[in-house]
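Engineer: Below is one structure. I have some questions about it.
The values are calculated or read from the model by the stated rules, or taken from the named source; none is laboratory data. On a predicted model such as this, the values are computed, not experimentally measured, just so you know. Methodologically, a virtual Cβ is constructed for each residue, glycine included, from the backbone with ideal geometry; neighbour enumeration extends over all protein chains shown. Just so you know, the surface numbers come from the protein's heavy atoms only, side chains and all, with ligands and any DNA or RNA stripped out. Shrake-Rupley method; radii C 1.70, N 1.55, O 1.52, S 1.80 Å.
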Amino acid sequence: MSLERLRTGAPQTAGFGLGLAAVARPGYITLGRSEDLPADRSVEALRQRAHQLLDAAYAQGVRYFDVARSYGRAEEFLASWLGGHPEAADAVVGSKWGYTYTAGWRTDAEVHEVKDHGAAAFERQSAETRALLGPRLDLYQIHSLTPDSPALTDTALHRRLARLADEGVTIGFSSSGPAQADAIRAALAVAVDGAPLFRSVQATYNLLEPSAGPALAEAHASGLTVIVKEGMANGRLADRNATGPDTAALRGTAAAIGATPDAVALAAVAAQPWVDVVLSGAADVQQLGSNLAAARARLGPEDLDRLAVLAQPAADYWAYRARLPWT
């Protein structure tokens, strides 16, 4: 199954994917991990949890799976699951390079990941990814591209990425930070021999942080597949955390349509006409089912207008995110 088949081009029809960031390493910045994960966070325990999620997601129609070199053992966990499920030949696999996992399977590490968008890092990490995923790799993305990244101007790297594209792997990038829109627009201008290099973008977009929306709409209009990550704002929009006055509109809308806050939050993302895939970052099967209920949640224009009041200044959102502890 090619990445192109994930593009919908129509409102209210975005598909859903599963990301393994929260379950392929013992520490992450999602709120409530002590409630979501088992006390045993050994490699084998989290492998089993990841496989349970992959089983449930595939059974419920999810076909896009998101991993990264820096997500602990995410590529390894996904590769072993794919190897045991020949029926999942229609799964689409996306991974990322540009960050190296450095926590040593600990939650209290001083540094959990190190960023490097240089050509040498690409050569090393792409070899590691291909060793694990082989021909199952459909999409390879630069991880967390920012306006100051050398990957935007390194023409030698661009040509190496274009050669990978010639081998059948879609080249994309993810973005993070308050200047996501600038990074997205800069990436849209990158070309090799007159042809656009990037054919996919994965960005943070949610009810609290919608600032990348116009740039993502431009990317979609330019033919890129648009994947949305962090639609739950690292757990801030989950029922157990959306309890304050700043999220009253979310709770009210959920009650009005008979849905859970997480389903409403993700349905609001999926309602954007330029979104192709919305990622769930669920840490257990129950969360996954609740997230995927977003596909059945129907939000009208008046609901989306009501939810728009949740938006925060991008700088405030990212400053709060930067303070979240790894647990």
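Engineer: Is it true that A68 is within 29 Å of V114 (Cα to Cα), of a type in the set (A, V, I, L, M) and exposed (fewer than 15 other Cβ atoms within 10 Å of the Cβ)?
Structural biologist: No: the conditions fail for A68.
Engineer: Going by the conditions given, is A120 surrounded by fewer than 17 Cβ atoms within 10 Å (Cβ to Cβ) and part of a helix (DSSP H, G or I)?
Structural biologist: yes
Engineer: When the stretch 168-187 is examined, which residues are found to be part of a helix (DSSP H, G or I) and either over 16 Å from L157 (Cα atoms) or in contact with a His (Cβ under 6 Å, 6 or more places away or on another chain) (or both)?
Structural biologist: Q180, A181, D182, A183, I184, R185 - these are the residues of the stretch 168-187 that are part of a helix (DSSP H, G or I) and either over 16 Å from L157 (Cα atoms) or in contact with a His (Cβ under 6 Å, 6 or more places away or on another chain) (or both).
Engineer: Output the number of residues of the stretch 71-100 satisfying the condition of being under 19 Å from R47 (Cα atoms) and open to solvent by less than 10 Å² (accessible area, probe 1.4 Å).
Structural biologist: Going through the stretch 71-100 one residue at a time, the tally reaches 10.
Engineer: Counting only residues that are open to solvent by 50 Å² or more (accessible area, probe 1.4 Å) and small (G, A, S), which one in the stretch 30-56 is modelled with the lowest pLDDT?
Structural biologist: For the stretch 30-56, the residue satisfying everything is S34.
Engineer: Determine which member of the set A203, A186 is surrounded by fewer than 24 Cβ atoms within 10 Å (Cβ to Cβ) and among the aliphatic types (A, V, I, L, M).
Structural biologist: A186
Engineer: Working only within the stretch 289-327, note down all residues that are without any contact (Cβ under 8 Å) to a residue 24 or more places away in the chain, of a type outside the set (A, V, I, L, M, F, W, C) and open to solvent by less than 50 Å² (accessible area, probe 1.4 Å).
Structural biologist: Across the stretch 289-327, the qualifying residue is only G300.
Engineer: Right, next: Only one residue in G19, G27, G83 is modelled with pLDDT of 95 or more and closer than 21 Å to A203 by Cα. Which one?
Structural biologist: G19
Engineer: Only one of (1) open to solvent by 10 Å² or more (accessible area, probe 1.4 Å); (2) over 19 Å from the mean Cα position of the chain (by Cα) fails for A103. Which number is that?
Structural biologist: Going through the list (1) open to solvent by 10 Å² or more (accessible area, probe 1.4 Å); (2) over 19 Å from the mean Cα position of the chain (by Cα), A103 breaks only (1).
Engineer: In addition: I want to confirm something. Restricting to the stretch 138-160 and keeping residues that are assigned to a loop (DSSP other than H, G, I, E, B) and closer than 23 Å to K229 by Cβ, which single residue is most open to solvent (accessible area, probe 1.4 Å)?
Structural biologist: For the stretch 138-160, the residue satisfying everything is D148.
Engineer: Among the candidates A191, A151, single out the residue that is more than 23 Å from A74 (Cα to Cα) and more than 20 Å from the chain's Cα centre (by Cα).
Structural biologist: Answer to the selection: A191.
Engineer: Considering only residues that are more than 16 Å from W97 (Cβ to Cβ) and touching a residue at least 40 places away in the same chain (Cβ under 8 Å), which ones fall in the stretch 143-178?
Structural biologist: G177, P178
Engineer: Exactly one of these conditions fails for A242: (1) surrounded by 23 or more Cβ atoms within 10 Å (Cβ to Cβ); (2) of a type outside the set (F, W, Y); (3) modelled with pLDDT of 95 or more. Give me its number.
Structural biologist: The one condition A242 does not meet is (3).
Engineer: Are any residues in the stretch 270-286 assigned to a helix (DSSP H, G or I) and surrounded by 21 or more Cβ atoms within 10 Å (Cβ to Cβ), and if so, which ones?
Structural biologist: Selection gives A270 alone.
Engineer: Can you confirm whether A254 is free of Cβ contacts under 8 Å to residues at least 40 places away in the same chain, more than 17 Å from the chain's Cα centre (by Cα), open to solvent by less than 10 Å² (accessible area, probe 1.4 Å) and farther than 23 Å from V201 by Cβ?
Structural biologist: Criteria met by A254.
Engineer: Of everything in the stretch 161-176, what is surrounded by 20 or more Cβ atoms within 10 Å (Cβ to Cβ) and of a type in the set (G, A, S)? Give them in sequence order.
Structural biologist: G172, S174, S175
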